[in-house]
Amino acid sequence: MFFASLLAMVIAAVILVGFIIGMITKAVTEIGKSSDKPALVTESLLLLKTSDRVHELGSDNSLASFSNSPSFSAGLYDMIRALKAAKTDDKIKGVILKLDGGSNGWATLEQIREAILDFKKAGKKVYAYGDAITQRDYFLATAADSIFLNPAGMLEFKGLASQLMFFKGTLDKLGVQPEIFYAGRFKSATEPFRVSQMSPANRQQIAAMQQDIWSVFLKATAKKTGLDSATIQSLVQNGGLYFAGDAVKNHLIDGAEYWDEIEDKFRLTLGKKADEKMPYVSINSYASQMNNTTLGEGRVAVLFAEGEIVDGKAGDYQISPENLVKSIRQIRRDDKVKAVVLRVNSPGGSALASEVILRELQLLKAKKPLIVSMGDLAASGGYYIASQADSIFAMPNTLTGSIGVFGMLFNVGNALESKLGITFDEEKNAPFADFPTMSRTLTPAEESKMQATIDTIYATFKAHVVSGRKLSPVLVDSLAQGRVWSGEDALALGLVDGIGGINRAIESAANKAKLKTYSVTTYPEPVNQLQSLIDKVAGGTMSTEQLSSLVSKQLLEESTAIRELMWMKRISGRAQMMLPFRVLVN
C-alpha cells in the first residue's frame, strides 16, 4: 500500500509539473506571438516532415518538455497560414519537405501542396528529400522545385489499391449471427460482416473513387516531370518500385544524393560555412508563434468537425452533439461573428447525433451565413451535417456523398451456448420488451421494425439534401443509394458548389456577409493532450478502447482487426450514417 501510494504521488507530481511547465510555456508563447509572422533570430529554412499526422485542429502538448515531441502540433489550417506568412517573411529562405512516410489523406496533402505552390510564387525555393519515397509523399513532393532520393533508396510508383477486411468467416466459426439492415444499393459498410468479398456495386464505387484520386495524382506528376500521361502510366504498369538511379533516368526525381550533400547545397544558398549547423525551423514551431486571428472589423468563425460522429461525449478527434453544439451556440450568440465556416472531415457515424448537430446548424444558418469546407472525408453523416449550408466546397479528391443508412445487431446466443454453455431465459409482458437483443435471433416483426427505422432515417436524409441543395427528389434518390463520390463528381452532380480548400470557403463566407476586412477565429480551442487525459481519468469517461490505446497504442494502430471489432461493438443496434467502406487507398 505504501509503494502504491508513493507511485501514485510520483505520477501525479510529474503530471502536475508537466502541466505547469506547459501552461508557462504557452503563456510565454502567447506573449511573443505576432499577428503577422513569427520573429526569427536568423535566416532559416522551414522544415515540414511528412511523417507528422496532420489533423484539422492543432494540439498542445504540456508534457513536451519530458519528451522529443513538439509542444504544438500544427493543424491543417495552421500549416496553410504558416506557409502564407513564410511567403513574405524575409527570414524564411525556403522550405524543406522531409519525405519520411505518413498516412495523411489525399485531400489534406492536396491542400498542403497548393499552399506550397503559392509559397513558391515569392521566388523562394522548395526542396524535397527522402531516404525512401512513398507514393503519397511523392504526390506532395511534386510541388517542390527539386526532388532528391537517397542513392540506396527506392521510389514507390505503383498505382492505387484498396483492400477491405471481411469477418464473415470468423463470425461463422464463432457461431455469431449478424442481423443487418441497410438502405441504399451502395451502402456496403455492413459487407465485411455478411459476405466474404466485395459486392459488384461496392467494387464499382471503389474503382471510380480510385480513378478520380489517380487523375489528380497524374496531373501533379505530369506538371512536375513534363511527362505525358501515357508515359507515366507505362512507368506505373512496368515498375511499381524504382531505385534512385532508375527514378532519375525516368525523370521522376531530380537527383540521387545523400542528406549531407543536400545540406551542403542549402549552406551555399544561405552563405553558411561547411559543417555549420543548419538553421531549420519546424512548421510546428513556426505556426505556434502565430496568432489565431488576423486584424479586421468583422469576424469569420471557422468551426472544426473532425472524426467519427458519436453519441454522448466525444473522445479525441471525434464529433458529438455534447461537444460540437456548445461551440455552435457560442458562435450563434456572438454578435461579432458575421459568418461561419464549418470544416468537416468525417466519415459519418451516429444518425441521431448527426440530426441533433444539423438542427443546431440550421438555427445558426438562420442568423448568419454558413459555408462548409470539406476535407479528406465528408461522407454519410459528414455530408448530412453539411447538407443545409449556404455553399459547400470540396477538394477534387474529397470523398463525399454516401447518402444512406445502416444498422447492425449480432446474435451471440448460439455462440455462447456452444462455446461456453451459457444460455438465456426471460419473462416479458410485451412482444418488444427485450428489443433489441443480442441473445437470440430477431423475430419477423422485429426485423420489420428495424428495417422501417432505417428506411425512415434514409428518407429524412434525402429530404434534407433535397431542401438544402435545392435538387429534385428523383435526382437525389439516384445520387444517394449510399454511393460515394469524389469532390469533382460531387460538383458535377450538384452535391457541392465549388472546388477549393478552407481558404476559399473563408473568402466565400466573408463575401456572403459583405465583409471587406475581417478577422478569422477558430473553434474549439486546440486540443491539450495532457488536459484531455486528466479529464478522462478524473471524469471516469475513459473507455476500454481509449485505455487500451494508452496501454498498447502501437498494437491498436497496427491491428485493423482489433479496431474493426471495437467499432462493431460500439455501433451495434444503433442506426448509422457511415462511409460504406472502412478502407485506406494506398
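Some notes on this structure:
- Checked against the criterion of being surrounded by 18 or more Cβ atoms within 10 Å (Cβ to Cβ) and basic (Lys, Arg), the stretch 317-330 contains not a single residue that satisfies it.
- The residue that is surrounded by the fewest Cβ atoms within 10 Å (Cβ to Cβ), counting only those in the stretch 331-347 that are basic (Lys, Arg) and part of a helix (DSSP H, G or I), is 333.
- One residue from 148, 119 being among the aromatic types (Phe, Trp, Tyr), within 21 Å of residue 43 (Cβ to Cβ) and crowded, with 22+ Cβ neighbours inside 10 Å: 119
- Any chance residue 190 is touching a His at 6+ places or on another chain (Cβ under 6 Å) and of a type in the set (S, T, N, Q): no
- If you go through the stretch 122-139 and keep only what is farther than 18 Å from residue 245 by Cβ and among the β-branched types (Val, Ile, Thr), you end up with 126, 134.
- Residues that are small (Gly, Ala, Ser) and either free of Cβ contacts under 8 Å to residues at least 24 places away in the same chain or touching a strand residue (DSSP E or B) at 6+ places or on another chain (Cβ under 6 Å) (or both), drawn from the stretch 380-403: 380, 381, 382, 386, 389, 391, 394, 401, 402
- Just one of the listed residues (455, 477, 390) is of a type in the set (Asp, Glu), out of contact with any helix residue (DSSP H, G or I) (no Cβ under 7 Å at 6 or more places or on another chain) and in the same structural domain as residue 355 (by TED's automatic domain parsing), and it is 455.
- Selection within the stretch 496-537: residues that are of a type outside the set (D, E, K, R), in a helix (DSSP H, G or I) and modelled with pLDDT of 95 or more. The member of this set that is surrounded by the fewest Cβ atoms within 10 Å (Cβ to Cβ) is 511.
- Selection within the stretch 359-392 - more than 28 Å from residue 80 (Cα to Cα) and of a type in the set (A, V, I, L, M, F, W, C): 363, 366
- Residues (closer than 14 Å to residue 523 by Cβ and not charged (D, E, K, R)) located in the stretch 315-329: 319, 323, 324, 325, 327, 328
- Selection from the stretch 411-469 of residues that are of a type outside the set (D, E, K, R), over 32 Å from the mean Cα position of the chain (by Cα) and surrounded by 15 or more Cβ atoms within 10 Å (Cβ to Cβ): 411, 412, 413, 414, 415, 416, 435, 436, 437, 438, 439, 442
- Residue 378 being in a loop (DSSP other than H, G, I, E, B), out of contact with any Gly (no Cβ under 8 Å at 6 or more places or on another chain) and hydrophobic (A, V, I, L, M, F, W, C): no
- Filtered residue count, the stretch 347-369, keeping only those that are touching a residue at least 40 places away in the same chain (Cβ under 8 Å) and within 22 Å of residue 308 (Cβ to Cβ): 11
The values are calculated or read from the model by the stated rules, or taken from the named source; none is laboratory data. Because the structure is predicted, anything quoted here is derived from the model rather than measured. A quick note on method: Cβ atoms are made from the backbone with ideal geometry, for glycine too, and the neighbour counts reach across all protein chains shown.
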